[in-house]
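Here's the structure, in structure tokens; my notes come after.
The numbers here are math on the coordinates, done by the rules we state, and not lab data. All values reported here derive from a predicted model rather than from experimental measurement. Neighbour counts run over all protein chains shown; Cβ positions are idealised from the backbone, glycine included.
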Amino acid sequence: PVLMIATYDENGTVDVMNMAWGGICAENMVSLNIDEDHKTSANIKKTGAFTLSIADIPHMQEADFFGIASANNIPDKFRYSGLTAVKSNKVNAPVVQEFPLTLECKVVEAKNEIYGFHVIGEIVGILAEENVLNEKGKVEPSKLNAFLFDQFQNGYYSIGEKVGQAWNA
């Protein structure tokens, strides 16, 4: 899915980056692979925290903007998005209120690898809008209205219906 990494810079300015190389890598951990020259990488090193949100189709234009505009060139690019951010109660990072699902993460490892800047974050909080939860209070993927990035065709695609039960198909 298209993921949004939100951080604060050294002045407390909100920065959000669109990324496709990452996701959950353990029950309470996420893995991010980004280039070290991103402002987000410097912010992660300084603050030791970030939030990771799932972008939804109603905010595709804003999410795409976060992938086009660089905070290295436009230091306060978030203000151009029209979205709102508040400080996380659990980590030193912003929460973009319009995204339906956000993981609050503290950095447990950040290092350069041959394939890029690799960050492992521990999920210390989960924020989800009620309308994306099922009757048991769990996130329902079909309700997220999330979309995927296809690197082969440089396209965004909506996530469809459930087509099978994992480990029982």
- Message: Taking loop as defined by DSSP and a crowding limit of 16 other beta carbons within 10 Å, which chymotrypsin sites (Phe, Trp or Tyr not before Pro) in the stretch 104-169 fit?
- Response: Y115, F152, W167
- Query: Out of every Cα pair in the stretch 60-169, what percent are spaced more than 19 Å from each other?
  - Reply: 65
- Item | the stretch 85-153 versus the stretch 8-50: alpha-carbon centroid distance in Å | 11
- Note on the stretch 1-44: C-alpha Rg/Rh, Kirkwood Rh, two decimals, gives 0.99
- Query: Lysine pairs in the stretch 33-169 8 or more apart or on different chains: how many have alpha carbons under 12 angstrom apart?
  - Reply: 6
- When only DSSP loop residues count, what trypsin sites (Lys or Arg not before Pro) in the stretch 65-160 have their Cβ near at most 13 other Cβ atoms within 10 Å? K136, K138
- Would you please name the GluC sites (Glu not before Pro) within the stretch 112-145 that are DSSP coil residues with at most 12 other C-beta atoms within 10 Å of their C-beta? E135
- Looking only at Cα atoms, what is the convex hull volume of the stretch 104-169 per residue, in Å³? 180
- Item | Choice from V95, V14, V132 showing the highest fluctuation, given a GNM over the chain with Cα pairs closer than 10 Å | V132
- Message: Let me make sure I get this right: for the stretch 1-95, a, b and c are the square roots of the gyration tensor eigenvalues over alpha carbons, sorted descending. Under 1.5 in a/c it's rounded, otherwise prolate if a/b > b/c, else oblate. Which is it?
- Response: rounded
